[in-house]
Amino acid sequence: MSLLDDLGGKLNKLTGKLKDADLGDKISEVGNNVADALSMGAKTAYGRAKNAAEVGGLKLKLADARKEEAAAFEKFGRRYMELHGEDADPDLLDEIEAIKAAGRKVESIRKAIEDSRAAQAAAEAEMKEKAEEQKAADVEEDAGDEFSETVTEEERPAEHTEEGDASKEAEEESVSEPEKAADQQPDEQN
């Protein structure tokens, strides 16, 4: 039965009694019963929370104990393999073969990791070497560019200056007026 069902049942009993007795006394009794029910519910909730905390702590202790047990079994198994691996009890041959197969797999994976690291180191060394070669080639190219960038005055384009612009205007004005007029007239002879 849940706490709410219990509380609901008590309230129904109290409301039934209200009809038969003095209203003030009954309201007081209902209030006391509700307080008792709430107090009991709080005690129940507290008890459950306390129990859950205790159980949670015990579960953590259990997990630690299981880890210790597993470590002890592992230590025993390793020791047994060291002492009796080759001449072990025939009943344990399947387990011993599984341990040996797992050991071979571990070694294979370790070797693959070492090979991968070595390949990565070689690739990084090769990339570093190529970068140094490229840097050296860039330095040589830059040194060659210093000589090719020297431009003589004749190769350099003319700059616009006030003196140069004035001399061009003077040349244009020196064209005779009759020549300009002849250029502007349409060809009427055709």
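Modelled label positions at Asp25 and Lys135, each set 7 Å beyond Cα in the direction of Cβ, lie 10.3 nm from each other. Here Asp87 and Asp115 are evaluated by their C-beta separation; at R0 = 41 Å the FRET efficiency comes out at 0.70.
Rounded to 0.05, the FRET efficiency of the Lys59 and Lys105 pair, given R0 = 35 Å and the Cβ-Cβ distance, is 0.60. Considered as an equivalent ellipsoid built on the Cα gyration tensor, the stretch 92-143 has semi-axes of 50, 4, 4 Å, the largest given first. Summing charges over all other residues whose Cβ lies under 14 Å from the Cβ of Lys105, with Lys and Arg as +1 and Asp and Glu as -1, gives +2.
Taken together, the values in this text are just the output of simple stated rules run on the coordinates, not laboratory data. In this text the structure is predicted, and so the values were computed from the model without any measurement. Ideal geometry is used to build each Cβ from the backbone, glycine not excepted, and the neighbour counts take in all protein chains shown.
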